[in-house]
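A.B. asks: The structure is given below, and queries will be raised subsequently.
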Amino acid sequence: MRATLALAVLAAAATLPAHAQDGPAAAPAFLTVTGTAELATDYRFRGVSRSQGHPAADASLRVDSAPGFYASAWASSVGGYAGADAEVDLYGGWTRNIGGWTPDAGIYGYLFPGGYGADFYEVYGALSRDLGPASATVGVNYAPPQQNGRDNVYVYSSLSVGVPRTPVTLKAKLGYEDGFEARRKLDWTLGASARRGRFALGLSYVETDRALPRAGAGVVATLSASF
(Lines give C-alpha, C1' and ligand atoms only; values in the text may rest on other atoms or scores of the structure.)
Protein backbone atom coordinates (compact mmCIF):
# COMPACT_ATOMS: atom_id res chain seq x y z
CA MET A 1 0.00 0.00 0.00
CA ARG A 2 2.78 2.46 0.92
CA ALA A 3 4.67 1.65 -2.28
CA THR A 4 1.49 2.19 -4.31
CA LEU A 5 0.95 5.58 -2.66
CA ALA A 6 4.53 6.64 -3.33
CA LEU A 7 4.21 5.59 -6.98
CA ALA A 8 1.04 7.68 -7.27
CA VAL A 9 2.83 10.72 -5.84
CA LEU A 10 5.76 10.17 -8.22
CA ALA A 11 3.38 10.03 -11.17
CA ALA A 12 1.51 13.13 -10.03
CA ALA A 13 4.75 15.08 -9.70
CA ALA A 14 5.47 14.44 -13.37
CA THR A 15 2.23 16.19 -14.37
CA LEU A 16 2.79 19.35 -12.31
CA PRO A 17 3.30 22.42 -14.52
CA ALA A 18 6.60 24.29 -14.44
CA HIS A 19 6.63 27.82 -13.06
CA ALA A 20 5.99 30.47 -15.69
CA GLN A 21 9.09 32.26 -16.94
CA ASP A 22 7.31 35.19 -18.59
CA GLY A 23 6.66 38.61 -17.04
CA PRO A 24 8.40 40.39 -14.17
CA ALA A 25 9.93 38.33 -11.40
CA ALA A 26 7.63 37.92 -8.43
CA ALA A 27 8.76 38.88 -4.94
CA PRO A 28 9.97 35.92 -2.87
CA ALA A 29 7.10 34.29 -0.97
CA PHE A 30 7.11 34.54 2.80
CA LEU A 31 6.28 30.82 3.00
CA THR A 32 7.44 28.13 0.60
CA VAL A 33 6.04 24.59 0.64
CA THR A 34 7.99 21.71 -0.89
CA GLY A 35 7.67 17.95 -0.80
CA THR A 36 9.27 14.69 -1.90
CA ALA A 37 8.28 11.08 -2.53
CA GLU A 38 10.80 8.27 -2.79
CA LEU A 39 11.11 4.54 -3.38
CA ALA A 40 14.26 2.85 -2.01
CA THR A 41 15.61 -0.68 -2.12
CA ASP A 42 16.47 -0.33 1.60
CA TYR A 43 15.97 2.28 4.32
CA ARG A 44 19.30 2.84 6.03
CA PHE A 45 19.57 5.07 9.10
CA ARG A 46 23.17 5.87 9.95
CA GLY A 47 24.26 2.70 8.19
CA VAL A 48 21.70 0.38 9.82
CA SER A 49 18.63 -0.91 7.96
CA ARG A 50 15.29 -0.02 9.51
CA SER A 51 13.39 -1.87 6.79
CA GLN A 52 15.05 -5.24 7.50
CA GLY A 53 16.86 -5.00 4.17
CA HIS A 54 13.60 -4.75 2.24
CA PRO A 55 12.35 -1.95 -0.07
CA ALA A 56 10.80 1.10 1.58
CA ALA A 57 8.65 4.04 0.53
CA ASP A 58 8.86 7.50 2.08
CA ALA A 59 7.45 10.98 1.61
CA SER A 60 8.05 14.41 3.12
CA LEU A 61 6.50 17.86 3.36
CA ARG A 62 8.40 21.01 4.37
CA VAL A 63 7.45 24.64 4.98
CA ASP A 64 10.20 27.29 4.85
CA SER A 65 9.80 30.94 5.85
CA ALA A 66 11.65 33.97 4.55
CA PRO A 67 13.38 34.60 7.94
CA GLY A 68 14.85 31.09 7.79
CA PHE A 69 12.57 29.18 10.17
CA TYR A 70 11.20 25.88 8.88
CA ALA A 71 9.07 22.89 9.88
CA SER A 72 8.92 19.49 8.24
CA ALA A 73 7.34 16.04 8.45
CA TRP A 74 8.81 12.86 6.96
CA ALA A 75 7.38 9.34 6.99
CA SER A 76 8.70 5.97 5.85
CA SER A 77 7.76 2.33 5.96
CA VAL A 78 9.96 0.24 8.27
CA GLY A 79 10.34 -3.50 8.71
CA GLY A 80 8.84 -4.12 12.12
CA TYR A 81 11.34 -1.79 13.80
CA ALA A 82 10.62 -1.94 17.56
CA GLY A 83 7.26 -3.48 16.62
CA ALA A 84 6.29 -0.59 14.30
CA ASP A 85 5.57 -0.69 10.57
CA ALA A 86 6.09 3.04 10.02
CA GLU A 87 8.35 5.85 11.16
CA VAL A 88 7.16 9.45 11.35
CA ASP A 89 9.74 12.20 11.89
CA LEU A 90 8.76 15.73 12.89
CA TYR A 91 11.37 18.46 13.03
CA GLY A 92 11.85 22.19 12.86
CA GLY A 93 14.61 24.73 13.09
CA TRP A 94 16.34 27.69 11.53
CA THR A 95 18.83 28.00 8.68
CA ARG A 96 20.19 30.81 6.51
CA ASN A 97 23.14 31.53 4.24
CA ILE A 98 25.45 34.03 5.92
CA GLY A 99 28.42 35.11 3.84
CA GLY A 100 28.70 31.74 2.11
CA TRP A 101 28.29 29.76 5.34
CA THR A 102 24.98 28.03 6.17
CA PRO A 103 24.26 27.23 9.82
CA ASP A 104 21.32 24.93 10.59
CA ALA A 105 19.94 24.16 14.06
CA GLY A 106 16.73 22.67 15.42
CA ILE A 107 14.96 19.81 17.18
CA TYR A 108 14.09 16.44 15.64
CA GLY A 109 11.54 13.87 16.85
CA TYR A 110 11.44 10.21 15.77
CA LEU A 111 8.05 8.52 16.25
CA PHE A 112 7.20 4.85 15.69
CA PRO A 113 3.39 4.43 15.81
CA GLY A 114 2.46 1.09 17.34
CA GLY A 115 6.04 0.47 18.47
CA TYR A 116 7.35 0.01 21.98
CA GLY A 117 9.82 2.38 23.63
CA ALA A 118 11.52 3.51 20.43
CA ASP A 119 10.37 7.16 20.23
CA PHE A 120 13.06 9.74 20.94
CA TYR A 121 14.11 13.27 20.09
CA GLU A 122 17.37 15.05 19.30
CA VAL A 123 18.67 18.58 19.08
CA TYR A 124 20.94 19.18 16.11
CA GLY A 125 23.32 21.66 14.60
CA ALA A 126 25.25 21.75 11.33
CA LEU A 127 27.41 24.11 9.31
CA SER A 128 27.72 23.94 5.51
CA ARG A 129 29.94 25.71 3.01
CA ASP A 130 29.77 25.77 -0.78
CA LEU A 131 33.15 25.51 -2.50
CA GLY A 132 32.53 25.94 -6.21
CA PRO A 133 30.70 22.81 -7.41
CA ALA A 134 31.28 21.17 -4.02
CA SER A 135 29.39 21.49 -0.74
CA ALA A 136 30.82 20.37 2.62
CA THR A 137 28.89 19.89 5.88
CA VAL A 138 29.82 19.04 9.47
CA GLY A 139 27.15 18.41 12.07
CA VAL A 140 26.13 16.87 15.38
CA ASN A 141 22.86 15.37 16.64
CA TYR A 142 22.43 14.93 20.40
CA ALA A 143 19.66 13.02 22.16
CA PRO A 144 19.46 13.77 25.90
CA PRO A 145 18.74 10.87 28.30
CA GLN A 146 15.18 9.68 27.70
CA GLN A 147 13.17 6.50 28.33
CA ASN A 148 16.19 4.26 28.78
CA GLY A 149 18.15 6.77 30.87
CA ARG A 150 21.03 7.06 28.40
CA ASP A 151 21.93 9.73 25.89
CA ASN A 152 23.13 9.42 22.29
CA VAL A 153 25.45 11.52 20.12
CA TYR A 154 26.03 11.37 16.36
CA VAL A 155 28.68 13.47 14.64
CA TYR A 156 29.20 13.46 10.90
CA SER A 157 30.77 15.13 7.91
CA SER A 158 29.60 14.99 4.31
CA LEU A 159 30.78 16.19 0.92
CA SER A 160 28.93 16.47 -2.38
CA VAL A 161 30.45 17.45 -5.73
CA GLY A 162 28.50 18.26 -8.87
CA VAL A 163 30.13 16.94 -12.04
CA PRO A 164 30.36 19.92 -14.45
CA ARG A 165 28.02 19.87 -17.46
CA THR A 166 26.26 16.72 -16.23
CA PRO A 167 23.23 16.07 -13.99
CA VAL A 168 25.42 13.87 -11.75
CA THR A 169 26.39 14.64 -8.15
CA LEU A 170 28.95 12.53 -6.25
CA LYS A 171 28.42 12.15 -2.50
CA ALA A 172 30.34 10.88 0.53
CA LYS A 173 29.51 10.80 4.24
CA LEU A 174 31.27 9.62 7.41
CA GLY A 175 29.52 9.39 10.77
CA TYR A 176 30.29 8.32 14.34
CA GLU A 177 27.64 7.37 16.91
CA ASP A 178 27.77 6.49 20.59
CA GLY A 179 24.89 5.98 23.00
CA PHE A 180 21.60 4.15 23.23
CA GLU A 181 21.29 3.76 19.44
CA ALA A 182 24.75 2.21 18.98
CA ARG A 183 28.03 1.92 20.86
CA ARG A 184 31.02 3.61 19.21
CA LYS A 185 29.86 2.89 15.67
CA LEU A 186 31.30 4.28 12.47
CA ASP A 187 29.24 4.41 9.27
CA TRP A 188 30.12 5.63 5.81
CA THR A 189 28.38 6.15 2.51
CA LEU A 190 29.70 6.63 -1.02
CA GLY A 191 27.26 7.33 -3.82
CA ALA A 192 26.03 9.29 -6.79
CA SER A 193 22.75 10.75 -7.95
CA ALA A 194 21.45 12.10 -11.26
CA ARG A 195 18.59 14.59 -11.54
CA ARG A 196 16.32 15.36 -14.46
CA GLY A 197 13.60 17.90 -13.75
CA ARG A 198 11.67 16.82 -10.66
CA PHE A 199 13.06 13.29 -10.70
CA ALA A 200 16.30 11.88 -9.31
CA LEU A 201 17.99 8.48 -9.37
CA GLY A 202 20.50 7.54 -6.69
CA LEU A 203 22.90 4.69 -5.99
CA SER A 204 24.92 4.39 -2.77
CA TYR A 205 27.24 1.97 -1.03
CA VAL A 206 26.59 1.89 2.74
CA GLU A 207 28.60 0.16 5.47
CA THR A 208 29.43 0.27 9.19
CA ASP A 209 32.36 -1.01 11.23
CA ARG A 210 30.21 -3.01 13.63
CA ALA A 211 28.74 -6.50 13.46
CA LEU A 212 25.26 -5.20 14.29
CA PRO A 213 21.98 -6.69 13.05
CA ARG A 214 21.03 -5.21 9.66
CA ALA A 215 24.28 -3.18 9.55
CA GLY A 216 26.23 -5.10 6.92
CA ALA A 217 27.54 -3.58 3.71
CA GLY A 218 24.91 -2.94 1.08
CA VAL A 219 24.01 -1.04 -2.07
CA VAL A 220 20.91 1.15 -1.96
CA ALA A 221 19.11 2.45 -5.06
CA THR A 222 16.51 5.24 -4.92
CA LEU A 223 14.00 6.89 -7.22
CA SER A 224 12.57 10.19 -5.97
CA ALA A 225 10.39 13.07 -7.11
CA SER A 226 10.21 16.60 -5.70
CA PHE A 227 7.44 19.15 -5.94
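The values are calculated or read from the model by the stated rules, or taken from the named source; none is laboratory data. No experiment lies behind these values; they were computed from the predicted model shown. Cβ: placed from backbone, ideal geometry, glycine included. Neighbour counts: every protein chain shown.
A.B. asks: Check whether at least one residue in the stretch 145-156 is among the basic types (K, R) and part of a loop (DSSP other than H, G, I, E, B), and report yes or no. Break it down stepwise before answering.
C.D. replies: Taking the stretch 145-156 as the starting set, the residues that turn out to be among the basic types (K, R) are 150.
Now narrow it down to the ones that are part of a loop (DSSP other than H, G, I, E, B): 150.
Taking every residue of the stretch 145-156 in turn, at least one turns out to be among the basic types (K, R) and part of a loop (DSSP other than H, G, I, E, B).
Per-residue answers, yes or no, for (1) buried (at least 17 other Cβ atoms within 10 Å of the Cβ); (2) more than 19 Å from G175 (Cβ to Cβ):
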| site | (1), (2) |
| --- | --- |
| G100 | no, yes |
| I107 | no, yes |
| G117 | no, yes |
| V123 | no, no |
| A126 | yes, no |
| G132 | no, yes |
| V138 | no, no |
| Q146 | no, yes |
| R150 | no, no |
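A.B. asks: Determine the pairs where a residue that is closer than 17 Å to V78 by Cα, located within the stretch 202-219, has a partner that is in a strand (DSSP E or B) and small (G, A, S) with Cβ atoms under 6 Å apart, the partner being 6 or more residues away or on another chain.
C.D. replies: Correct list of pairs: R214/S49.
A.B. asks: Looking at the stretch 173-187 only, could you name the residues that are out of contact with any Gly (no Cβ under 8 Å at 6 or more places or on another chain), in a strand (DSSP E or B) and surrounded by 16 or more Cβ atoms within 10 Å (Cβ to Cβ)? Please lay out each step first, then the result.
C.D. replies: Start the filter on the stretch 173-187 by keeping residues that are out of contact with any Gly (no Cβ under 8 Å at 6 or more places or on another chain), which leaves 173-174, 176-184.
Of the ones still in play, those that are also in a strand (DSSP E or B) are 173-174, 176-179.
K173, Y176, E177, G179 - these are the residues of the stretch 173-187 that are out of contact with any Gly (no Cβ under 8 Å at 6 or more places or on another chain), in a strand (DSSP E or B) and surrounded by 16 or more Cβ atoms within 10 Å (Cβ to Cβ).
A.B. asks: Search the stretch 85-132 for residues being of a type in the set (G, A, S) and modelled with pLDDT under 95, and hand back the single one that is nearest to the chain's Cα centre (by Cα). If you could, list the steps in order and put the result at the bottom.
C.D. replies: Narrowing the stretch 85-132 to residues of a type in the set (G, A, S): 86, 92-93, 99-100, 105-106, 109, 114-115, 117-118, 125-126, 128, 132.
With modelled with pLDDT under 95 added as a condition, the list becomes 99-100, 114-115, 117-118, 132.
Numbers: G99: 25, G100: 22, G114: 23, G115: 22, G117: 23, A118: 19, G132: 23 Å.
Filtering first and then ranking leaves A118.
A.B. asks: Is there a residue in the stretch 76-87 that is outside any strand (DSSP E or B), touching a residue at least 24 places away in the same chain (Cβ under 8 Å) and buried (at least 18 other Cβ atoms within 10 Å of the Cβ)?
C.D. replies: Among the residues of the stretch 76-87, not one is outside any strand (DSSP E or B), touching a residue at least 24 places away in the same chain (Cβ under 8 Å) and buried (at least 18 other Cβ atoms within 10 Å of the Cβ), which makes the answer no.
A.B. asks: Residue check: is L190 touching a Phe, Trp or Tyr at 6+ places or on another chain (Cβ under 6 Å), over 19 Å from Y110 (Cβ atoms) and surrounded by 14 or more Cβ atoms within 10 Å (Cβ to Cβ)? Please lay out each step first, then the result.
C.D. replies: On the way: touching a Phe, Trp or Tyr at 6+ places or on another chain (Cβ under 6 Å): yes; over 19 Å from Y110 (Cβ atoms): yes; surrounded by 14 or more Cβ atoms within 10 Å (Cβ to Cβ): yes.
Answer is yes for this residue.
A.B. asks: Turning to a different aspect of this structure: Out of all the residues in the stretch 93-139, which are among the aliphatic types (A, V, I, L, M) and either assigned to a strand (DSSP E or B) or farther than 23 Å from Y176 by Cα (or both)? Spell out how you get there, then give the answer.
C.D. replies: As a first pass, look at the stretch 93-139 and keep what is among the aliphatic types (A, V, I, L, M): 98, 105, 107, 111, 118, 123, 126-127, 131, 134, 136, 138.
I98, A105, I107, L111, V123, A126, L127, L131, A134, A136, V138 - these are the residues of the stretch 93-139 that are among the aliphatic types (A, V, I, L, M) and either assigned to a strand (DSSP E or B) or farther than 23 Å from Y176 by Cα (or both).
A.B. asks: While we're here: Given the conditions (1) at pLDDT below 95; (2) of a type outside the set (F, W, Y); (3) closer than 30 Å to G99 by Cβ, which single one is not true for R183?
C.D. replies: With (1) at pLDDT below 95; (2) of a type outside the set (F, W, Y); (3) closer than 30 Å to G99 by Cβ applied to R183, the lone miss is (3).
A.B. asks: Might you check whether a residue that is at pLDDT 95 or above, surrounded by 11 or more Cβ atoms within 10 Å (Cβ to Cβ) and closer than 30 Å to V219 by Cβ occurs anywhere in the stretch 14-34?
C.D. replies: yes
A.B. asks: Moving on to the next point. Of everything in the stretch 194-215, what is within 14 Å of K173 (Cα to Cα) and among the hydrophobic types (A, V, I, L, M, F, W, C)? Give them in sequence order.
C.D. replies: L203, V206
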